Structure formats: C-alpha cells, structure tokens
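Taken together, the values in this text are just the output of simple stated rules run on the coordinates, not laboratory data. Quantities reported herein were computed from a predicted structural model and do not represent experimental measurements. Virtual Cβ from ideal backbone geometry, glycine too; neighbours counted across all protein chains shown.
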Amino acid sequence: MSNLTTQITTIVITHAVISALHGLAHLLIPVSISFPQALYIGTVITALPIIAMILIWRQQVRWALILLLVSMAGSLLFGLYNHFAVISPDHFSQMPPTSFGVLFQITAVLLAVSEGIGIGVSLWGLNLRQPLIP
C-alpha cells in the first residue's frame, strides 16, 4: 500500500469515527437536523469520503483525490457554517454544559481539523499528479 493510500485511508476512517461520535452527540443532546441536512451529511460528509477511499485502493488516484477534496471542502464549509457561523441549536456556543455538549463541541472542532487535513492531503496529492485540465 502506498503512502498516499495509507494517508487517505487514515483520514477517511478518522473522519468517519469523529462524524459518528458527533452524530451520537446530536442524538443525545438532542440537536435535530432537517431532511436536506441529513441528505447532505449522508452523501457529502459520509459516503463520498468512503468512495474516495475505495477509489484509492483501486488505483484510481486522481479521482480519489478529487473526490476527497470535494467532500472534505464541502464538509468543512457545512460544519463551519452550522457549528460556528450561524447561531442556532447546532452552534458550538449553544451546547448544554453536559458531557454530551462537550462531546459535541470537541467533535465539531475535530471534524474541522480532520477536514482541513483531508483538503491538504488532497491538494498535495493532486500537485504531484498531472494538471486537472490537460
């Protein structure tokens, strides 16, 4: 397994674990999400990174990197908007002072960090490859 494959696999698995813990906090606090948000979370935040990981395993490096970049950028923007920009029940500052509120806050920050790392690795990998536009 190549170094890039290992890095992408690690990023995707780590992001999935943090996302699962964040989702658990959402359920237990509770902080509800709308159907469009659930659809976005299910596709962009959950499924696309896994597909990117499968593509890197299948030696489809360029497509894996592009998909990981798109999914991590989309995830980061979604999280920054919902957890840190707009004051709502989903905002970082609105969490109850309980262990689940703290779990929500920690995982919101860790999601942003993991997504930033995913973006960085994607851009680094794409920089090593041929240009996106021939």
### Message
Among the listed residues S122, S71, identify the single one that is within 14 Å of H15 (Cα to Cα), polar (S, T, N, Q) and assigned to a helix (DSSP H, G or I).
### Response
S71
### Task
Return yes or no: is Q105 closer than 14 Å to L4 by Cα and among the polar types (S, T, N, Q)?
no
### Query
For segment 93-106, how many residues are more than 13 Å from H26 (Cβ to Cβ) and either surrounded by 16 or more Cβ atoms within 10 Å (Cβ to Cβ) or of a type in the set (V, I, T) (or both)?
3
### Query
When I66 is evaluated against the numbered criteria (1) surrounded by fewer than 19 Cβ atoms within 10 Å (Cβ to Cβ); (2) outside any helix (DSSP H, G or I), which criterion, by number, is the only one it fails?
(2)
### Query
If you take just the helices (runs of 4 or more DSSP H) that sit entirely in segment 1-61, which of them hold at least 2 residues that are within 29 Å of P97 (Cβ to Cβ)?
3-28, 35-40
### Summary
For segment 36-62, pairs from a residue that is farther than 17 Å from H22 by Cα to a residue that is not hydrophobic (A, V, I, L, M, F, W, C), with Cβ under 6 Å and 6 or more apart or across chains, are L48/S71; M53/T9; I56/T5; R62/R129
### Query
Scanning segment 47-63 for residues that are within 14 Å of the chain's Cα centre (by Cα) and under 17 Å from W124 (Cβ atoms), which turns out surrounded by the fewest Cβ atoms within 10 Å (Cβ to Cβ)?
M53
### Task
Give segment 63-97 a look and list any residue that's aromatic (F, W, Y) and touching a residue at least 24 places away in the same chain (Cβ under 8 Å), or say none.
F78, F84
#### Entry: Within segment 17-35, tally of residues that are surrounded by fewer than 16 Cβ atoms within 10 Å (Cβ to Cβ) and under 30 Å from R62 (Cβ atoms)
2
